[in-house]
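FYI, it's all coordinate maths here, none of it is from the lab. The structure displayed is predicted, hence computed values, not measured ones. Reconstructed Cβ throughout: ideal geometry from the backbone, glycine too, with neighbour counts over all protein chains shown.
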Amino acid sequence: MSGAAKNLIYPILGAAAFILLWLIAAAAIGAEIILPAPDRAAAALFELLKSGAFWVDLAGTLDRSLKSFFLSFLLALALAAASALSRPLRRFLSPWIVILRSVPTISVILISLLWLKSSLAPIFIAFLITFPNMYSAIYGAIEGVDPGLVEMSRLYKVRRRDMVTRLYIPSILPAVFTSARSNISLNLKIIIASEVLAQTRESVGMAMQLSKIYLDTPMLMAWTAAAIVLAALLELAVEGVKRAVIRWKA
Amino acid sequence: MRMKKIALLFAALLFAMSACAQEGEKSVSIIVPNGAPAFVFAQMMSEGGQFEGYEVACEVVLGAEALQARINDFDLAVMPTNMAANLYNKGTSIQLVSVVVHGTLYLVGRSQISSLKSLKGKVVYNIGKGNTPDITFKYLLKQSGIAYNEDENPNEGEVTLKYVQEATQLMPQLISGEIEYAVIGEPQVTQALENTKNSENPIQVIFDIQQKWEEMTGKPYPQAALVGKKDFLDKNPGLVEKILQKIDGAADWLKESEQNRQAAKEAIAEKGGAISLLAEQTVDRSNIRPVRAEDAKAALEEYYNVLLQVNGGAPIGGKLPDNGFYYKAD
């Protein structure tokens, strides 16, 4: 067996075991409105892919998700870098980050719904949750740059610009991308949950909520599968950017 | 000696088991959502766990959607009539016994208006996009020739619709006055009126949605029904009849005295629900009027035909339920 085949066989076995478990559970429960069989969910997914509304809803959610992610990411990057340079700023920001990290997600959601329009609330909610994650991860990465190397660069009077591009950026890149990757899919999940509560028009969350109130569980499963695929694609995109950047740096 | 003991033990065990089985046969599990559906069973709940020789296990869940996960757990339940048809059309073995709630929906707001047309250029909040109150309100607008749209800001010449997922999300803004008009149901209507009755500009009931429905369709608005598992209904016709007789008096009992309403609130809370305010008018506005399936069929089909026009009929599972859906006592 070749290496590639070996690498593939275990994920396939894993997925097959998952579908088998699902089949058994669906048969045991015997009520489609609680747990439909995988083939019913797959049929619903094909039906969904053919409908124009599906792409409109998906595009709406993707749009909100990207806006929220880039807002969080760029602000986290800028503030983490600024905090690394300025101790007063870091101390000034620390209570904000502590509050944002510890406020219960549901409070963020409920309060945002009171303040904001239904199309904006999900973006803001996901921002409030992913921003402190990414800020802490990026700041931690900057702090974690080998102090020996920093000291050495100083001793040899390496130019500041070179220190940033040759030492800091390459050292923090892996952590930045790891954080971006996990937060881009977390962001999507929060956006969808918020859309349900905010009743956002043209959204995956609203479509899921409608399938739920109409007891159309196969359709709810189909939307769930679509959301999983979207999250995986977003993570792959981050991975692609990471590879491109690393190649360009090297 | 030892054998005798074992035999005795065995006999005791058998006796206990048979007692259990018998008790199991004579019990009924009833699940009702909080609000008007719970009012229908409030008297029975407050009178304890025995009814006509049956052990009654009543449970109040916090919304109709919570029932969906519990379809295997009840013998009888009160649920929205569209949900009943939907479950039936999806192969669940249930029957509609009686339409018990004929509409709890009201357009409330800060200023009286003469007709639905005056809502043009205004924002009206609704609870649960795509749910039956939303569908009903849109139907009334459409039948009155009034354009509507879902938007963030009000537009000239049309009604702008906005949505929240549940009543608690709009009550603060409704009471504070940020929301001018909203379609809400009892018991939230009472809550909105009570919370602003001493303010300069109290919230008022502007339109009775079910009354408008009746004016336009000529039929009552069948919002929620008592539903039973077919097996259970077939095996316990006597009990079903007694329950139907009992709930015929539900509204009168609640209106009779403050003491009864207090007992109702306590019983509902004990069974898992929560009703903060329950006034005589709350009962009136909840339109608790049980009508048996056979007599309610025409009104139900009128309503189902409207729901069939929405989202490919998804609210009722895509088609009118057949005759097997309507319970008939032999």
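Odds and ends about this structure:
- Rounded to the nearest 10 degrees, the angle from helix B:293-308 to the longest Cα principal axis of chain B is 50 degrees.
- Calculated FRET efficiency for the pair A:S136/B:K197, C-beta based, R₀ 41 Å, to 0.05: 0.25
- Among A:I111, B:I184, the order by Cβ neighbours within 10 angstrom, fewest to most, reads A:I111, B:I184.
- Inter-part distance where region A:63-120 and region B:219-278 are each reduced to a Cα centre, Å: 49
- Ignoring lysines fewer than eight residues from A:K50 along the same chain, the ones with Cα atoms less than 21 angstrom from its Cα are A:K212.
- Using Cβ point charges alone (K and R +1, D and E -1), the dipole size of chain A about the Cα centre works out to roughly 1320 debye.
- For A:K242, the lysines whose Cα comes closer than 20 Å to its Cα, not counting residues fewer than 8 places off in the same chain, are A:K67.
- Placing a pseudo-label 7 Å from each Cα along the Cα-to-Cβ vector at B:D284 and B:A69 gives an inter-label distance of 3.9 nm.
- Span-rule helices in chain A, defined as complete DSSP H runs reaching 30 Å or more along the axis (Cα) with Kyte mean at least 0.0: A:3-29, A:52-85, A:121-143, A:169-198, A:217-249
- Normalised contact order of region A:82-215, rounded percent, pairs of Cα under 8 Å and 6 or more residues apart: 29
- Point-to-point label distance, B:S93-A:W96, nm (Cα→Cβ direction, 7 Å offset): 6.2
- Residues listed by number, region B:89-114, amide nitrogen under 11 Å from B:Q211 label point at 7 Å toward C-beta: B:107
- Near A:S68: Cβ cut-off under 15 Å, other residues only, Lys/Arg at +1 and Asp/Glu at -1. The net charge is +2.
- B:K328/B:E52 FRET efficiency (R0 30 Å; Cβ-Cβ; nearest 0.05): 0.90
- Förster radius 60 Å - calculated FRET efficiency between A:V241 and B:A274 (Cβ-Cβ, nearest 0.05): 0.75
- Each residue in B:R289, B:R261 was given a count of other beta-carbon atoms within 10 angstrom of its own, and listing them fewest first yields B:R289, B:R261.
- Rounded tilt (10° steps) of B:167-176 against the dominant C-alpha axis of chain B: 40
- Dipole magnitude of the protein assembly as shown about its Cα centre (Cβ charges: Lys, Arg +1; Asp, Glu -1), debye to nearest 20: 3040
- Full-stretch length increase - A:D162, A:A59 - with 0.36 nm per residue and alpha-carbon distance subtracted: 33.0 nm
- Its Cα centre serving as origin, chain B has a Cβ charge dipole (Lys and Arg +1, Asp and Glu -1) of approximately 720 debye.
- Panel order for A:L113, A:L21, by other beta carbons found within 10 Å of each beta carbon, from fewest to most: A:L21, A:L113.
- Calculated [222 nm] ellipticity per residue, helices only, for chain B: -13000 deg cm²/dmol; basis is -39500 (n - 2.57) per DSSP H run with n ≥ 4, divided by all residues, nearest 500.
- The mean sequence separation of alpha-carbon pairs under 8 Å and at least six residues apart, normalised by the residue count of chain B, gives a relative contact order of 28 percent.
- Pairwise label distance in nanometres, A:W115 with B:E302, each label 7 Å out on the Cα-Cβ vector: 4.8
- Relative contact order, whole percent, for chain A stands at 28, derived from Cα pairs under 8 Å and 6 or more residues apart.
- Each of B:N72, B:M83, B:G228 was scored by the projection of its Cα onto the charge dipole of chain B, and the greatest displacement toward the positive side belongs to B:N72; charges sit on the C-beta of Lys, Arg, Asp and Glu.
- Separation of alpha-carbon centers, region A:6-42 and region B:45-103, rounded to whole Å: 31
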